[in-house]
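Here, each number is a calculation from the coordinates, and none is a lab measurement. The model shown is predicted, which means the values in this text are computed figures rather than measured ones. As a convention, Cβ positions derive from the backbone with ideal geometry for all residues, glycine included, and neighbour counts pool all protein chains shown.
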Amino acid sequence: MNENRHGVLVHSAPQAVFPEIVAWGEASWWPRRSLMRFVRLTDGFVGAGTRYRQEVRLPFAPSWDAKVTAVTMTSITRTFLNGMFNGFETVSLRPQAEGTFVEYRMCYEIKGAANCVMWFLAFRYLHDANIRRILKNLKRFCERRDKK
């Protein structure tokens, strides 16, 4: 499997950051211009079994279904059910002396030759930029909230 990792240090306590990583894709701090849109397909609280439709907001871009397969005291994992990827993504946190380190990790295999070409030509770059923007917004939100 391939691995894609991104992280950010948030100057906030882990217990303040954790609800925000669980709300990934649905939180008020989610970038308005994010290329990724999460549509929850199940009602109730977010936990194992919660399903989403993940849509890339570009013409003719891919979309897929994902299911939360684990929520621990420090992470949430969503497994891809169909679409261009096999694998999963995890957002986790780790306490640090200065706050909380938040890591986004995607373990994946790309399905199909056309998807491979598009991933390496454009989608990987767009994905990386989008995840950096998402983590930046999470950091900004948590740190501003804590200063109030």
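Just flag the GluC sites (Glu not before Pro) in the stretch 1-56 sitting in loop per DSSP whose Cβ has no more than 13 other Cβ atoms within 10 Å.
Working: sites: GLU3, GLU20, GLU26, GLU55; in loops: GLU26.
Those that pass, being in a loop and sparsely packed, are GLU26.
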How would ARG133, ARG5 line up from fewest to most surrounding beta-carbon atoms within 10 angstrom? ARG5, ARG133
Taking the number of other C-beta atoms within 10 Å as the exposure measure, put ASP43, ASP128 in order starting with the fewest. ASP43, ASP128
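May I ask you to list the GluC sites (Glu not before Pro) in the stretch 70-143 that are in a DSSP loop and have at most 14 other Cβ atoms within 10 Å of their Cβ? Please report the intermediate quantities before stating the final value.
Numbers: sites: GLU89, GLU98, GLU103, GLU109, GLU143; in loops: GLU98.
Filter output for the stretch 70-143: GLU98.
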Answer in debye to the nearest 20: the dipole magnitude of the stretch 1-145 about its Cα centre, from +1 Lys/Arg and -1 Asp/Glu charges placed on Cβ, is 400 debye
Can you pull the one-decimal nm distance between simple spin-label points at ARG33 and HIS11, each 7 Å off the Cα toward Cβ? 2.6 nm
Around ALA48, under 13 Å between beta carbons, what's the net of Lys plus Arg minus Asp minus Glu among the other residues? +3
Would you be so kind as to identify which of GLY44, TYR108, VAL71 lies farthest towards the positive end of the dipole of the chain, taking Lys and Arg as +1 and Asp and Glu as -1 on Cβ and the Cα centre as origin? GLY44
Could you work out how much longer the chain between ALA113 and SER63 gets when fully extended? Use 0.36 nm per residue separation minus the Cα distance between them, nm to one decimal. 16.3 nm
Which of the chymotrypsin sites (Phe, Trp or Tyr not before Pro) across the stretch 1-110 are loop residues per DSSP, with 11 or fewer other Cβ within 10 Å? PHE45, PHE60
Could you put LEU35, LEU121, LEU93, LEU41 in order, starting from the residue whose Cβ has the fewest other Cβ atoms within 10 Å? LEU121, LEU41, LEU35, LEU93
At the level of C-alpha centres, the distance separating the stretch 1-77 and the stretch 79-111, in angstrom, is 9 Å
So what does the Cα-only Debye profile of the chain read at q = 0.09, 0.18 Å⁻¹, as log10 I(q)/I(0), no solvent term? -0.27, -1.10
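Keeping to pairs on different chains or 8 or more places apart, tell me how many lysine pairs in the chain have Cα atoms under 20 Å apart.
Details: LYS67/LYS111; LYS136/LYS147; LYS136/LYS148; LYS139/LYS147; LYS139/LYS148.
Final tally of qualifying lysine pairs is 5.
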